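Input: a single structure, listed below in structure tokens.
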Amino acid sequence: MSVEEHFMLREIREDADAAKKTIEGFEDIEKVAEELLETKYDLYIVTGAGTSLHAGIAASYAFYELVGLPIMPIHAVEFIHTPSGMLEGRKTLVIAISQSGETSDTLRAVRKAKEQGADILGVTNFPESSLAKESKYKLITKAGEEKAVVATKTYVAQLTALYGLSVALAHKMGRDVGKLIDEIKNIGEPIRKALGTEDDVKKISRYAKPFVDAYVLGADVTFPTALEAALKLKEGCLIHSEAFSAPEFRHGPISLVDSSSLILALYPPVVRKNAHEAFHKVVAEVYEAGATVIAIAEEEDESPKECSDFIINVPKVSPVFASAVYVVPCQLLTYYIAIAKGLNPDKPRRLTKVIRV
């Protein structure tokens, strides 16, 4: 199969369209926001599995920053094992995310939450799915069918829907978010620009091919993308990869770094000065230790030039929307490393598109 025939690459190239089509339903997202505010929930939980949970974690930064809502992320399989009385006495909303709407662990978590009186906000790509039917509120993404096992455009669509909800909630609460509304409605454009990194990523992937271990570093709003990028490298490239918040990397794991290490460094936006400075210091340390460093950073961020072997620049967006653009070169890198290694990125071994167990 030629490169152009792989579903994964086609679907990565559809990231921007998936975001654009999803946010075209902003009026529906606003209606959900109104209903949530009328109910006045006092506990918010986000749950899902794999990529879907990472979308929820990324969106939780926007919910907290724009709305002041702390959201508790819980893996769906762990939610199933939480004490039955955990939600008693609370008005709880569980945001459950599944592109298929059929992931068994997520559905079990949803049913357990409902047994304890929680309401469900389902985020799915399929309006007739089991998750949609179990949910009181729905955010339906418009990514179109995703055939590759490795999720790409559906992740971007989930992010877009949840970012849209955070902005809509802030607007309904009287916050001054007019510029953010305009930005999220046009988020497809910076995503499209991020897709323009493909040629550079393709060249870099050849140098990343030999590595069997990788560490993906993020901080602040890029940390959730680090989680997702590490998962992509495992799924698509069969590279053992771990994600860390960069300062946390000093607490033990940095001792593993040497000339055989690959570091994917997701620089926080420059405007997040404290996070950016702390992050840069850690990257300098691993570079000094001999690691090969691939940096992903905003355009005009000069810092990576001091301690990186390769640099991929992404468009500047509001920090709370960062994951939508930072993830694009991570997806492309996964794809092209897989190709360089002779793997079929559409069908990773022992994985299926929907996990029903």
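Can you say whether E102 is touching a Ser or Thr at 6+ places or on another chain (Cβ under 6 Å), among the acidic types (D, E) and surrounded by fewer than 20 Cβ atoms within 10 Å (Cβ to Cβ), as far as the supplied structure shows? Give the steps one after another, and end with the answer.
Values: touching a Ser or Thr at 6+ places or on another chain (Cβ under 6 Å): yes; among the acidic types (D, E): yes; surrounded by fewer than 20 Cβ atoms within 10 Å (Cβ to Cβ): yes.
Considered against the rule, which asks whether it is touching a Ser or Thr at 6+ places or on another chain (Cβ under 6 Å), among the acidic types (D, E) and surrounded by fewer than 20 Cβ atoms within 10 Å (Cβ to Cβ), E102 comes out as yes.
Residues that are assigned to a loop (DSSP other than H, G, I, E, B), without any contact (Cβ under 8 Å) to a residue 40 or more places away in the chain and surrounded by fewer than 24 Cβ atoms within 10 Å (Cβ to Cβ) within the range 122-157 comprise F126, P127, E128, S129, S135, K136, E145, listed in sequence order. Hey, does the range 170-186 have a residue that's surrounded by 14 or more Cβ atoms within 10 Å (Cβ to Cβ) and either touching a Leu at 6+ places or on another chain (Cβ under 6 Å) or within 18 Å of V293 (Cα to Cα) (or both)? There is at least one residue in the range 170-186 that is surrounded by 14 or more Cβ atoms within 10 Å (Cβ to Cβ) and either touching a Leu at 6+ places or on another chain (Cβ under 6 Å) or within 18 Å of V293 (Cα to Cα) (or both).
Scanning the range 203-237 for residues that are part of a loop (DSSP other than H, G, I, E, B) and closer than 18 Å to Y326 by Cβ yields one hit, A219. Only one entry of L264, L332 meets the criterion of being under 26 Å from D199 (Cβ atoms) and touching a Lys or Arg at 6+ places or on another chain (Cβ under 8 Å), and that entry is L332. The C-beta contact set for the range 238-258 (first residue assigned to a loop (DSSP other than H, G, I, E, B), second residue of a type in the set (D, E), distance under 9 angstrom, 6+ apart or interchain) comprises I239/D213; R250/E285; V257/E285. Any residue at all in the range 325-338 that is part of a loop (DSSP other than H, G, I, E, B) and either modelled with pLDDT of 95 or more or surrounded by fewer than 15 Cβ atoms within 10 Å (Cβ to Cβ) (or both)? No, the range 325-338 has no match at all.
State whether one or more residues within the range 247-260 are surrounded by fewer than 17 Cβ atoms within 10 Å (Cβ to Cβ), over 21 Å from N313 (Cα atoms) and hydrophobic (A, V, I, L, M, F, W, C). Yes, some residue in the range 247-260 is surrounded by fewer than 17 Cβ atoms within 10 Å (Cβ to Cβ), over 21 Å from N313 (Cα atoms) and hydrophobic (A, V, I, L, M, F, W, C).
Quick one: which helices (runs of 4 or more DSSP H) lie wholly within the range 1-110 and hold at least 2 residues that are out of contact with any strand residue (DSSP E or B) (no Cβ under 6 Å at 6 or more places or on another chain) and small (G, A, S)?
On the way: elements: 7-12, 15-23, 26-39, 51-62, 76-79.
Answer list for the range 1-110: 15-23, 51-62.
Working only within the range 263-293, note down all residues that are aromatic (F, W, Y) and farther than 16 Å from F310 by Cβ.
Filtering the range 263-293 down to residues aromatic (F, W, Y) leaves 267, 279, 287.
Selection gives F279 alone.
Can you find a residue that is modelled with pLDDT of 95 or more, closer than 19 Å to A229 by Cα, crowded, with 16+ Cβ neighbours inside 10 Å and among the charged types (D, E, K, R) anywhere in the range 15-31? For the range 15-31, residues modelled with pLDDT of 95 or more, closer than 19 Å to A229 by Cα, crowded, with 16+ Cβ neighbours inside 10 Å and among the charged types (D, E, K, R): present. Considering only residues in the range 71-95 that are crowded, with 18+ Cβ neighbours inside 10 Å and more than 23 Å from the chain's Cα centre (by Cα), the one that is farthest from K40 (Cα to Cα) turns out to be L87.
The values are calculated or read from the model by the stated rules, or taken from the named source; none is laboratory data. Note that the coordinates shown come from a computational prediction; the quantities given were computed from them, not determined experimentally. A quick note on method: Cβ atoms are made from the backbone with ideal geometry, for glycine too, and the neighbour counts reach across all protein chains shown.
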